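All remarks here apply to the structure that follows.
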Amino acid sequence: MHNSNLKKYKLILASGSPRRQQFFKDLELDFEIRLKEIEEIFPPELKAGEITNYLAQLKASAFDGTLKDDEILVTSDTIVWHNNVALGKPKDKEDAFRILKSLSNATHEVITSVCFKSNQKTHLICEKTKVTFNTLSDEAILYYIEKFKPFDKAGSYGIQEWIGFIGVSKIEGSYANVMGMPVDKVYQYLSTLE
């Protein structure tokens, strides 16, 4: 990190996602991983970015009372928002197939919220990216699910994988956001810390 101010803080990434962990490594951040299990349940009336904001803050609240004064906790949540429905991680192969079939030949939004929490304050950012898929054949969908097993991914796909190469025709917004974190916004916020 090029901001020497950040050396005063210890970053805690509360995410088991290998992609988010890699982003932090690629940003050359010094960080520690701390995980707490929480049930990712949100009130049914919430829509789109309200859902990810709620869940990112819910994940952060699990650490209430445990942070030291020089620690900054980073939590995040990503959903695929399509046809007014939040698509999270698929339950099984059938669910993954159903989700990918619904995204075929359509545009959806990938929404990620990131919560930065310290003992002094909480800051939230929310980023939306539009992704358009080509028509996906049943054969292509089944091949992808079988080979890549996208059961840990919101919307049942990773844009950085085979399905992203053959399936995505257009993207409007942050590519990294579709992978689970709007890295540029995260870096910008961390750069403002004093």
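The values are calculated or read from the model by the stated rules, or taken from the named source; none is laboratory data. In this text the structure is predicted, and so the values were computed from the model without any measurement. Cβ coordinates were reconstructed from backbone atoms using ideal geometry, including for glycine residues, and neighbour counts include every protein chain displayed. Ligands, DNA and RNA are stripped out before the accessible areas are found, and what is left, the full protein with its side chains, is counted by its heavy atoms. Shrake-Rupley method; radii C 1.70, N 1.55, O 1.52, S 1.80 Å.
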Aspartates and glutamates near LYS185 by alpha-carbon distance under 14 Å, same-chain residues fewer than 8 away left out - which ones? GLU127
Could you pull out every residue, at least 5 positions away or on a different chain, whose amide H is within less than 5 Å of the one on ILE12? Hs are placed 1.01 Å off N in the peptide plane, and Pro or chain starts have none. GLU32, ILE72, LEU73, VAL74
Excluding ligands, DNA and RNA, what is the solvent-accessible area per residue of region 1-95 at a probe of 1.4 Å, expressed in Å²? 57 Å²
³J(HN,Hα) across region 28-42 via Karplus (A = 6.51, B = -1.76, C = 1.60, θ = phi - 60°), whole Hz, x for Gly/Pro? 6, 8, 7, 8, 10, 9, 10, 10, 9, 6, 9, 7, 7, 10, 10
Using the Cα atoms as the points, what is the convex hull volume per residue of the chain in Å³? 114 Å³
To the nearest Å², the heavy-atom accessible area per residue of region 121-174 with 1.4 Å probe amounts to 51 Å²
Karplus-derived 3J(HN,Hα) from phi for region 6-22 (6.51 cos²θ - 1.76 cosθ + 1.60, θ = phi - 60°), whole Hz, x at Gly and Pro, runs 5, 5, 6, 10, 10, 8, 10, 9, 9, 8, x, 5, x, 5, 5, 4, 5
Tally up the carbon and sulfur contribution to the accessible surface of the chain as a whole percent, 1.4 Å probe, everything protein left in place. 50 percent
In the chain, taking the dipole from +1 charges on Lys and Arg beta carbons and -1 charges on Asp and Glu beta carbons about the Cα centre, the listed residue (PRO90, PRO43, ALA140) farthest towards the positive end is ALA140
Among the lysines, which have Cα under 23 Å from the Cα of LYS89 when same-chain residues fewer than 8 positions away are ignored? LYS36, LYS47, LYS59, LYS101, LYS128, LYS130, LYS147, LYS149, LYS153, LYS170
In the chain, if the dipole is taken from +1 on Lys/Arg beta carbons and -1 on Asp/Glu beta carbons about the Cα centre, which of PHE151, VAL186, CYS126 is farthest to the positive end? VAL186
With every protein chain in place, the accessible area of TYR143 for a 1.4 Å probe, in Å² rounded to the nearest 10, comes to 100 Å²
Show me, for region 179-191, the HN-Hα J-couplings you get by feeding each phi into the Karplus relation (A = 6.51, B = -1.76, C = 1.60, θ = phi - 60°), rounded to Hz, glycine and proline as x. 7, x, 7, x, 4, 4, 5, 4, 5, 4, 5, 4, 5
Please report Rg (one decimal) and Dmax (integer) in Å for the Cα set of region 131-194. 14.7, 53
